[in-house]
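Notes follow the structure.
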Amino acid sequence: MSDAYLQLDKLTLAYGDTVAVKNLDLAIGKGELVAFLGPSGCGKTTTMRAIAGLLTPASGRIGLDGADITRVSANKRAVGLVFQSYALFPHLTVYENVAFGLRLKGISGADLDARVGAGLKSVGLTAFAGRKPAELSGGQQQRVALARSMVMEPKVLLLDEPLSNLDARLRLEMRAELQRVQRETGVTMIFVTHDQVEALALADRIVVMLNGGIEQIGTPEEIYNNPVSSFVADFVGFDNVFALKEGKLMTPNGPIALSGPAPQASAGLAWRPRAVVLGAGPFQGTVRGTSFAGNSREYLLDTPLGAIKAEIDASLPPHEIGSALAFNLPVAGAANLKRFG
Amino acid sequence: MSIRLFSPIVLFLLLVFLIGPFLIIIAASLSAGDTLAFPPQGLSLRWVTKVFAVESFRDSFAMSMFLAVFGTLAALLLGIPAAYALSRYRLPAAEAVRTIVSLPIIVPGIIVGLALLRYLVVPFGFNITVALFFAHAALVLPYAVRVVSASLDNLRSDIEEAAVLLGSSRFGAFFRVVMPNIRGGVLAAFILGFVTSFNQVPVSLFLSGPGVRTLPIDMLGYMETTYDPSIAALSALLAFLSIGIVFLAERFLGFSRYV
Amino acid sequence: MFQNRAEALALALPAAVFATLVFLLPVAILLSEGFRAGGAWTLSAYTHFFSETLNRTVFLRSFRLGLEVTAVSAVIGYAAAFAIVNLPPTGKGRLIGLVTLPLMISPVARTYAWIVILGRTGIVNQGITGLGLSAEPLRLLFTETAVFIGLLQLFLPLMILSLISALENMPRDAIPAARVLGANWFQVFWKVVLPLTREGLVVGGTLVFTGSLTAYITPAVLGGSKVLMLETLMYQQVSVANDFVSASVIAFILIVMSFAANILLKRLATARNRR
């Protein structure tokens, strides 16, 4: 069985006695843009650092481009890393920061100049070559960090929370920037994030992680529409998540029958607020709260099934707080969960 | 109000008490007369020039300089790696290392000098100069570790990781990326160590011998027998040296930031 | 990347080993000499040491002078610190610089000045005989007073700097608030300033006290063999009487005082940080 371009086999990572990642298996293809998505402490950053070589695995194997790099030291791995804090060298100019790795390879003179120039040009910072990092804005620093890694022509580029520190507008710009770089160079890119919006927007494939293991791997559409576990469902915005036992929804008030036949081999069902049908259905609820969100109106209902979050078009007549409402959770509109808990 | 009168009087008296004696020394050293007196009998630079001519002073000055410069360098050579280990790693027994390295500040210097004389010099025929060198290095070590540690703690460690990922060795990363950014702290530690070692007396008390003497010890010996303004002149010169070094350090380095 | 414990030890060990061999071990052996006699562990050296009048006198004198210097430096320190803290920023900075300045100068130089001032033909005596207050010049050197003055001048800056820091950390309106409530200046000091600056006082006091106790140069130059203090006694015991056991006893006393001071200061620092 041939390895994928980047292959993680039964990888176990620990800090001292604390196990952060356990028996992780993952295959990433050449040129893919992959997101590691999960809450803090799930092991996504730890895995990233292990790929970079900053952490030695307790057990397991890492393969890159056909070679076993598990024991290869970080400075020989052809892996690039853009740190969350950018980690620019404060005592060097932008030019020297970008040139750093190239100089270590023995590249100098006109060749060095050409490559650094190209790197700076590709991130639009040619005019800033003589400045020091302290003189740059956050967004500019990040682009220097990106150029610094990219001029090394890495086999894999890792990015630690690349969009978290940016304001909304910069975030959009940087997203476009990363996509452009990936398209133009075809570099295999992995970024770590806790923000599902970023992951859904950027990635070809998303690896959702929890507690040191993988919950689900899939395309953004798959993750968004077909979460396999209650955790993933909750993470990507299914606000109404229920375990299923013997065809009944498990609610805080005990098991309650579904409005239709339950799907086979299902551990739970999850509905997005949009999927809740208001105004008709076998269930009854009282409107506890409502908020206007531009295009839609959100409702929080107190029901025998617990709190239900619903959302309908803003153009439809609103429901008053305190009013009683019939509603349905149609089985057809639910995501089928294979795992619960 | 009495407060408003109180302040200037207190401050004036304070400065007279603290700095006055120093000014008196300067005046006494400019005396043209043969004995130590204030007010000086006439003004002359003869005593100031004389101290440069006294061979014993030149020798002991050279010794003090040697100890201050090389003792501090030795302390830095030992202290910088230790500070790095304490700052960047979760060192087993970190507290023990920190304590052992800080002890020389707590233990009075005279005890160290005596102990080294008794257990290193006398029984093993250890060279006194070497023992003095060790003693001064040990004396400065705590300052070296403390100041450099502070600088390292203020420097993020991810730039070292970045350097390694760009192809540098760990060792190379330290020199290319860490040292340039803690340069100020290292320099401040050197200056602090230099001044501490140079002005140190008790440590060197017992570790003296024929031809092996630090300048302050030499001065103390001279004071016991001769009563001329040489010591005043020497004291004044040394004081200006110390003040000058610290002043320049503050001006060009912002010395007080590091200590 | 900073996980490797072997690396960490390799980096820290040279300094630790050096300090242990050159410093810790010799000092430890020296101290042990005070607790052994004829191969057995005993306190006989200590009982013998304190049985000698001279030793008791020196011991008590050192403590007494230490306390006196501390007390006087506290009084002057508060006055000076108060005056300095109320200065405009430029003046304050300059004054603090001037107060710190003496600390840069070698103790030999600082102590030597007093010879010029207190000697037989020194300034003070010139004034006294000149004004006819006494026919003969007074013997001011090699007295406890001379040592006291020398130590005071040496350590006063430490107390002042400590109190300045404490006063600046005091809530700005505490004093005016007390005044408005009717307190006179003595009450303001005793009930407001003192409690609020207590830590600074303790820090300064500890530095001054241990400094005075472990001083060598000032007692040597200004006290000579007439006014022996702990360290000058130690020097004398070794160089004149070759008595290393007494030296060990004195060393132990000095180290215990110094350690106690250090622990106290550390505890105050952590208590302050916890707040």
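Derivation of every value follows stated rules applied to the coordinates shown; laboratory data play no part. Treat the numbers as computed from the prediction; the structure is a model and nothing was measured. When we count neighbours, we look across all protein chains shown, and the Cβ atoms used for this are built from the backbone with ideal geometry, even at glycine.
With the Kirkwood sum run over all distinct C-alpha pairs, the range C:190-275 has a hydrodynamic radius of 14.9 Å. Over the range C:85-156, the fraction of Cα-Cα pairs per 10 Å bin, rounded to whole percents and listed from the shortest bin up, is 18, 35, 26, 18, 3.
Note on chain C: semi-axes of the ellipsoid equivalent to its C-alpha gyration tensor, largest first and rounded to whole Å, are 36, 32, 19. In this simple spin-label model, placing a label point 7 Å from the Cα along the Cα-to-Cβ direction at both residue C:20 and residue A:78 gives a separation of 4.6 nm. Beta bridges per DSSP, both residues in the protein assembly as shown: antiparallel share near 75 percent.
Projected label points at residue C:52 and residue C:268, each 7 Å from Cα along the beta carbon direction, are separated by 3.4 nanometres. Applying a length cut-off of 18 Å (Cα extent along the axis) and a mean Kyte-Doolittle floor of 1.0 to the DSSP H helices of chain C leaves C:5-19, C:53-85, C:144-168, C:244-274. Principal-axis analysis of the Cα atoms of chain B puts helix B:94-106 at an angle of about 0° to the longest axis. Remark: relative contact order (chain C) = 24 percent; criterion is Cα-Cα distance under 8 angstrom and separation of 6 or more residues. Label point of residue B:130 set 7 angstrom out along Cα-Cβ; within the range C:1-42, amide nitrogens under 16 Å from it belong to C:18, C:21-23. Bridgeable lysines around residue A:22 (alpha carbons under 23 Å apart, same-chain partners fewer than 8 residues away excluded): A:10, A:44, A:338. The angle between the Cα long axis of helix B:2-29 and the main principal axis of chain B comes to about 80°, on a 0 to 90 degree scale. Kirkwood radius and radius of gyration were both taken over the C-alpha atoms of the protein assembly as shown, and their ratio Rg/Rh is 1.12. When the Cα positions of B:139, A:5, A:228 are compared along the charge dipole of the protein assembly as shown, B:139 comes out farthest toward the positive end, with charges on each C-beta of Lys, Arg, Asp and Glu.
Each of A:265, A:208, A:88 was placed along the dipole of chain A (beta-carbon charges, centred on the mean Cα), and the one lying farthest toward the positive end is A:88.
Which whole number in µm²/s is D for the range B:136-207 by Stokes-Einstein, with the Kirkwood Rh taken over Cα pairs at 4 °C and 1.567 mPa s?
Diffusion coefficient, whole number: 94 µm²/s.
Length, then width, then depth: along the principal axes, the Cα atoms of chain B run 72, 65, 32 Å.
Compute the acute angle (0 to 90°) between the alpha-carbon long axis of helix A:138-150 and the principal axis of greatest extent of the alpha-carbon atoms of chain A; round to the nearest 10°. Once rounded, one gets 60 degrees. Highest-first packing order for the peptide set A:100-110, C:242-252 is C:242-252, A:100-110, based on the mean count of other beta carbon atoms within 10 Å. Which lysines have a Cα less than 20 Å from the Cα of residue A:309, not counting those fewer than 8 places away in the same chain? Once the sequence-local lysines are set aside, what remains near residue A:309 is A:248.
In chain A, the DSSP-assigned H stretches of four residues or longer account for a calculated mean residue ellipticity at 222 nm of -7500 deg cm²/dmol, using -39500 (n - 2.57) per stretch and the full residue count as denominator. Separation of the range A:143-201 and the range C:49-71 by C-alpha centroid, Å? Taking the Cα centre of each part, the range A:143-201 and the range C:49-71 sit 72 Å apart.
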